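Below: the structure, in structure tokens.
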Amino acid sequence: MASIFLVNDSNQPESKTFYNDSKLPSLPVPSVKQTIEKYLDSCEAVLTADEYEKTVKTCQLFMQNDAPYLQEKLLERATNHRNWLEQWWSDKVYLESRTSLLVSNFSGPGTYLEHYWPLQEGTQLERCALGTYLFMQFWQLVRKEVLAAHSTSDGKYLTMHQFRYMFNTCRIPHKGRDKLHHSFRTEREGSSPTHTIVSYRGYLFKIECVDSKSGDIFTPPQFYKAFQYIRNLCESRAEGPALPALTSLDRDKWAEARDHLIEINPSNLEALREIESSLMFTAMDDTSLRNYTELAYAGMVGDPALLWYDKSYNSVTSLNGATWCNCDHTPYDAMVMVAMVEFFTYSIKKLKGVWPESLETDQFVKPIEINFYLDKEAQNSITEAKQHIYRMRQNLELLQIVFYKFGKSEMKKYKIRPDFMVQICLQLAYMQVHGKPGPTYETAITRQYYHGRTETCRTCTPEAVAFCKEMIACDSEIDAKSCRNLLSLLQAAQSKFLSLMADCMNNHGCDRHLLGLLLISVENGLEVPKLFTDPAFSASGGNGNFVLSTSCVGYFHGQGGVAPMVEDGYGFFYRINDGRLIYTVSAYNSSSETSAQKMSDHFEYSMSTVYDLLKLSSRMSKM
């Protein structure tokens with residue numbers, strides 16, 4: 001079961017899920033020299049010679065004048081914080097951001113349709129029930145701390161801290177800075193809420209998931225009857241008010257709307273607290289979706305009544321049994337979802353997709369309806385929020401594609417790392433479409449450190465650009481001489497990629513360190529160093545300006561997607577399996593420069609042409 005194992009002896013404290021977290025090394029602070037070298041390397045890939053020369057001088061002045069004091073202060077912070085970045089990352093990157101969570105959450109389809117949950121009408125209630133039961137099984141593994149801690153191939157433990165935040169976690173809107181509400185506890189830490197919220201046709205219900213007397217998780221038949229009760233109750237009603245849509249508003253607008261809800265009637269605060277403290281937010285959709293692209297749209301910008309964007313985990317099931325999720329990115333990264341998807345995949349396959357016993361039972365706890373008092377102003381806010389989601393959907397071009405020509409095993413046969421193959425072909429595609437290199441963000445995990453999360457791996461390197469330029473110049477006319485030259489350039493680009501990714505996983509990239517130095521200057525009331533106002537900083541991707549926002553979600557079953565980071569950019573998430581690659585590409589229709597479809601077409605063409613290059617090189621080596 002890939003990425004999911006249970007501890008060998010649950011009675012041994014050192015086997016517990018979170019036991020090693022406190023023993024992990026503190027997050028390191030790179031040297032300024034290392035960071036500037038990496039930063040300049042990424043700048044060289046995208047700037048003209050004149051622009052680069054100016055940026056080199058800017059960096060030299062930064063190292064001479066600003067960096068010594070800022071680095072000293074950052075090192076001081078690191079002596080007092082085991083993870084010097086953690087609070088900044090939560091506050092500055094997420095909680096203080098005022099933009100709608102529509103563009104920062106990550107989402108994705110349930111890939112179970114690839115095996116024992118094919119699209120099939122009439123399966124909604126059964127899959128809602130079984131899905132809720134499996135979610136609770138995963139909750140129990142984490143709560144009892146019997147989920148084995150992840151580790152690297154050389155045996156280094158990775159932090160499991162983020163797994164706590166899949167449950168009972170919600171971002172609460174406030175003017176200026178949101179707050180994160182979190183009420184999950186492990187068994188040894190105490191009790192935590194055991195209810196989930198269900199949305200159907202604009203109405204909200206509370207379902208208890210654990211028997212209060214026995215402490216046992218309710219069974220799929222009991223969940224089935226609860227979902228059936230909700231559906232039967234609501235089917236004859238007119239559409240409800242779709243209150244969850246409010247969570248899609250810009251954060252300050254949602255904060256105002258939430259405050260107004262509480263002013264209308266104190267019971268609205270109690271209702272909000274039930275939602276915010278719940279294990280998860282789940283919904284039944286009244287449509288039947290047909291493919292991955294439709295599921296990707298539904299997960300990101302779907303029915304306004306189905307997603308509470310503030311929640312760390314939303315799950316939706318359609319009439320034909322398709323499933324999808326949406327997750328607030330604030331408390332955790334995609335690897336938590338990847339792990340749960342592996343658990344679901346293993347469990348669904350083991351059950352062959354169905355509960356082996358009858359789903360009929362009279363013993364279930366009736367769901368409790370959650371009602372809100374609304375006035376005209378609140379209703380207007382909901383209408384505004386729904387329109388906001390509809391506009392976002394119209395503006396988002398989103399594709400989720402299965403590329404079947406080859407996959408992980410075929411790439412490895414030619415000694416090419418699959419993740420690098422995707423990155424180099426994505427860069428090649430971008431340069432074919434736009435005629436210039438694209439600053440690229442790829443997620444690198446730093447979980448080997450205390451509460452570590454991510455670093456940015458800037459995969460648009462001078463070596464990658466050199467290969468892409470030569471590949472474009474050849475225009476598919478590759479003879480023996482050009483083949484050897486291209487292969488040499490490709491190998492140099494891969495070597496650089498592997499070295500860079502390894503450094504980033506050790507928190508020796510450049511973006512997190514530069515952010516820390518910038519925040520030290522701001523918090524100490526200093527003038528912002530010119531490095532951060534230099535046009536090259538944004539041009540190379542700094543300050544959230546990467547035109548290619550990418551992440552490899554692994555080699556297993558999880559698949560997701562995000563909106564582009566910038567107006568004229570792309571989101572690109574992918575998973576790599578044997579014999580195929582599944583990717584989600586997004587772009588904004590409001591941009592006259594980008595096209596997800598065009599990018600997808602060129603990416604697949606690039607994958608094919610680079611793969612042909614590898615095959616040609618292999619044949620030549622045998623001659």
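Applied to segment 112-124, the Karplus parametrisation 6.51 cos²θ - 1.76 cosθ + 1.60 on θ = phi - 60° returns per-residue 3J(HN,Hα) values of 5, 5, 6, 9, 8, 10, x, 4, 8, 4, x, 9, 4 Hz, with x for Gly and Pro. Label positions at Glu477 and Lys622, each projected 7 Å from the Cα along the C-beta direction, are separated by 2.9 nm. Think of the chain as a dipole: +1 on every Lys or Arg Cβ, -1 on every Asp or Glu Cβ, centred on the Cα centre; then among Thr459, Tyr224, Ser591, Thr459 lies furthest on the positive end. The count of lysine pairs in segment 1-65 whose Cα atoms are under 19 Å apart, excluding pairs fewer than 8 places apart on the same chain, comes to 4. Taking every protein chain into account, the accessible area of segment 1-121 amounts to 51 square angstrom per residue (probe 1.4 Å).
Calculated FRET efficiency, Ser495 and Thr361, Cβ-Cβ r, R0 51 Å, to nearest 0.05? Mind showing how you got there, number by number?
Working: r = 60 Å, r/R0 = 1.18.
Efficiency, from the Cβ-Cβ distance: 0.25.
For Lys405, a cut-off of 25 angstrom between C-alpha atoms picks up these lysines, skipping any fewer than 8 places away in its own chain: Lys413, Lys415, Lys469, Lys598, Lys615, Lys622.
Between the residues Asn168, Ala129, Val142, the greatest Cα displacement towards the positive end of the dipole of segment 70-179, with unit charges on the Cβ of Lys, Arg, Asp and Glu, is found for Asn168. Taking each DSSP H run with n ≥ 4 as -39500 (n - 2.57) and averaging over every residue of the chain yields -13500 deg cm²/dmol at 222 nm.
If both residues of a DSSP beta bridge must be in the chain, then about 75% of such bridges are antiparallel.
Remark: relative contact order (segment 554-602) = 32 percent; criterion is Cα-Cα distance under 8 angstrom and separation of 6 or more residues. Taking Lys and Arg as +1 and Asp and Glu as -1, the other residues whose beta-carbon sits under 13 Å from that of Asn545 total -3.
In this label model, His115 and Leu351 are separated by 1.4 nm, measuring between points 7 Å along each Cα→Cβ vector. For the chain, averaging the sequence separation of C-alpha pairs within contact (under 8 Å, six or more residues apart) and dividing by the residue count gives a relative contact order of 21 percent.
For segment 117-264, relative contact order (Cα pairs under 8 Å, six or more residues apart, normalised by length) works out to 25 percent. One Cα centroid belongs to segment 397-459, the other to segment 88-162; the line between them spans 22 Å.
In the chain, what percent of the accessible surface is made up of carbon and sulfur (1.4 Å probe, ligands and nucleic acids excluded)?
Here carbon and sulfur together make up 49 percent of the probe-accessible area.
Cα-Cα pairs above 17 Å in segment 35-125: how many percent? So the pairs more than 17 Å apart make up 74 percent of the total in segment 35-125.
Extension gain, Arg290 to Leu269: 0.36 nm times the residue separation minus the Cα-Cα distance gives 3.7 nm. Of the peptides 451-457, 80-86, the order by per-residue mean of other Cβ atoms within 10 Å, starting with the highest, comes out as 451-457, 80-86.
The separation of segment 369-396 from segment 277-315, counted between C-alpha centres, amounts to 16 Å.
Taking the Cβ of Ala492 as the center, what net charge do the other residues with Cβ under 12 Å away carry, scoring Lys and Arg +1 and Asp and Glu -1? It would help to have the intermediate numbers written out before the result.
Details: positive: Lys496; negative: Glu463, Glu470.
Computed value for this residue: -1.
What the phi angles of segment 35-45 give under the Karplus curve with 6.51, -1.76 and 1.60, with θ = phi - 60°, is a coupling list of 5, 5, 4, 5, 4, 5, 4, 5, 5, 4, 5 Hz, glycine and proline written as x. Dipole orientation for the chain: of the candidates Tyr332, Met505, Ser621, Ser621 has the Cα lying most toward the positive pole (charges on Cβ; Lys, Arg +1; Asp, Glu -1).
Using a simple charge model, +1 on the beta-carbon of Lys and Arg, -1 on the beta-carbon of Asp and Glu, nothing else, what dipole does the chain show about its Cα centre, in debye to the nearest 20?
Details: 64 positive and 73 negative charges, 265 e Å.
Charge dipole, the chain, about its Cα centre: 1280 debye, nearest 20.
Only the Cβ atoms of Lys and Arg (+1) and of Asp and Glu (-1) were treated as charged; on that basis the dipole of segment 490-623 about its Cα centre amounts to roughly 660 debye.
Label-to-label distance for Ser31 and Ala539 is 2.9 nm, based on points extended 7 Å past Cα in the beta-carbon direction. Binning the alpha carbon pair distances of the chain at 10 angstrom intervals from zero yields the distribution 3, 16, 26, 26, 19, 8, 2, 0, 0, expressed in whole percent.
Near the amide H of Gly554, within less than 5 Å, lie the amide hydrogens of Ile576, all on another chain or at least 5 residues away, with H placed in the peptide plane.
Assuming charge only on the beta carbon of Lys and Arg (+1) and of Asp and Glu (-1), the dipole of segment 352-395 about its Cα centre is about 380 debye to the nearest 20.
Helix 334-351 axis versus longest C-alpha principal axis of the chain: approximately 60°, rounded to the nearest ten. Note that segment 186-199 has calculated 3J(HN,Hα) couplings of 6, 4, 6, 8, x, 8, 8, x, 10, 10, 10, 10, 10, 10 Hz, one per residue in order, obtained from phi through the Karplus relation 6.51 cos²θ - 1.76 cosθ + 1.60 (θ = phi - 60°); glycine and proline are x.
The values are calculated or read from the model by the stated rules, or taken from the named source; none is laboratory data. Owing to the predicted nature of the structure, the values given are computational and were not obtained by experimental measurement. Glycine also receives a Cβ, built like all others from the backbone with ideal geometry; neighbour counts cover every protein chain displayed. Only protein heavy atoms, including side chains, enter the accessible area calculation; ligands, DNA and RNA are left aside. Shrake-Rupley method; radii C 1.70, N 1.55, O 1.52, S 1.80 Å.
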